[in-house]
Structure formats: structure tokens, C-alpha cells
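Chemist: So that we are looking at the same thing, I have put the structure below in C-alpha cells.
The values are calculated or read from the model by the stated rules, or taken from the named source; none is laboratory data. Only a predicted model underlies this, so the values are computations on that prediction, with no experimental measurement involved. When we count neighbours, we look across all protein chains shown, and the Cβ atoms used for this are built from the backbone with ideal geometry, even at glycine. Side chains included, ligands, DNA and RNA excluded: accessible areas come from the protein's heavy atoms. Shrake-Rupley method; radii C 1.70, N 1.55, O 1.52, S 1.80 Å.
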Amino acid sequence: VFMEGGYSRKEQRNGLYGFTGEFDPERPVIPFIYQELPRKLSYTMIAKKDGKYGMITNRNVELLPFEYERLYLIPSKKIRFNKEYVVATKDGKKGLVYLQNEIILPFKYDRIAKRDEQSVEAQIGEESPIIYDFRSQSILK
């Protein structure tokens, strides 16, 4: 990823991760405060800090607070939906959130999985799953 005329590199200092810039390695692009970071700098990144997961931008702006046990970005090739959906785990239950921490499906599901390019399926125990449709932004069943 090119940043302001150079590239950034993930490094570890004092057991914590951050990203440094090509031209000024002493001035980090992402500070060394994270227990986990992805291998490459990208616009949105899942990170771990103080034992919890959150999401930040490539400029270290917090998109999702560091309060989750796990985060998983739902990949979609359909840019037209213009949303970043994230499956988040909190208190052992899964929910679906947008970036900026807007809760779409509450934290009550045992399983949330991508169904196809425009929907996810959420299920509690052995109950029939519900389907959340990205296009209509509604629950189908």
C-alpha cells in the first residue's frame, strides 16, 4: 500500500505491532499499541488491543471499538451495497454490525455466515435461520 509517497511496513516493538513509513521509520503510521494487526496496511483493518478486537483505518481512526471477542469482515464483490458488514462476537454471541458500530443484527446468534454475495444467514441453536439481505437491508425470513 502506498502512503504519501512511500510504503508502510508492519513491525514489532516491545511485543506490540504498528506500521512505520518508508521515509521516517521513527514516526509510525500506526502506533505500536496493538497485539495483532494484519500483515499489510489497508484502508480498514481488524486489530487487537488490550485483549479485545476492534477495527481501525490506515490512519488509526477507530471504526469499531475494541470491545469484541472476535471480528470477521464479510467480503463482498458487490460494491453497490456500499457497506462494510462485520460479524462480531460479544459475550459469546454473534451479531452483525456496520462500520461506525451500528448494530444490524443483535448479539444473540450462535452462527452468522455469508449465504451469497448479497446476504448472510443467522441462527440461534437449532432454530430455523433468518436471512439478512444487504440490498433491501432487511430480514427476509
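Chemist: So, in segment 79-89, how many residues would count as being open to solvent by less than 70 Å² (accessible area, probe 1.4 Å) and either at pLDDT 95 or above or over 27 Å from residue 126 (Cα atoms) (or both)?
Modeler: 4
Chemist: Restricting to segment 46-65, what's the tally of residues that are open to solvent by 40 Å² or more (accessible area, probe 1.4 Å) and in a strand (DSSP E or B)?
Modeler: 5
Chemist: Report the residue count in segment 36-45 for those that are outside any loop (DSSP other than H, G, I, E, B) and within 15 Å of residue 18 (Cβ to Cβ).
Modeler: The total comes to 2.
Chemist: A further question on this structure: Can you tell me which of (1) open to solvent by 80 Å² or more (accessible area, probe 1.4 Å); (2) at positive phi; (3) over 13 Å from the mean Cα position of the chain (by Cα) is the one residue 92 doesn't meet?
Modeler: For residue 92, the failing item is (1).
Chemist: Can I ask one more? All but one of (1) in a loop (DSSP other than H, G, I, E, B); (2) in contact with a Phe, Trp or Tyr (Cβ under 9 Å, 6 or more places away or on another chain) hold for residue 132; state the number of the condition that does not hold.
Modeler: All conditions are met except number (1).
Chemist: Something else now. Of all residues in segment 107-129, which are surrounded by fewer than 12 Cβ atoms within 10 Å (Cβ to Cβ) and assigned to a strand (DSSP E or B)? Reasoning before the result, please.
Modeler: The initial filter retains those residues of segment 107-129 that are surrounded by fewer than 12 Cβ atoms within 10 Å (Cβ to Cβ), namely 108, 125-128.
Matches in segment 107-129: 108 only.
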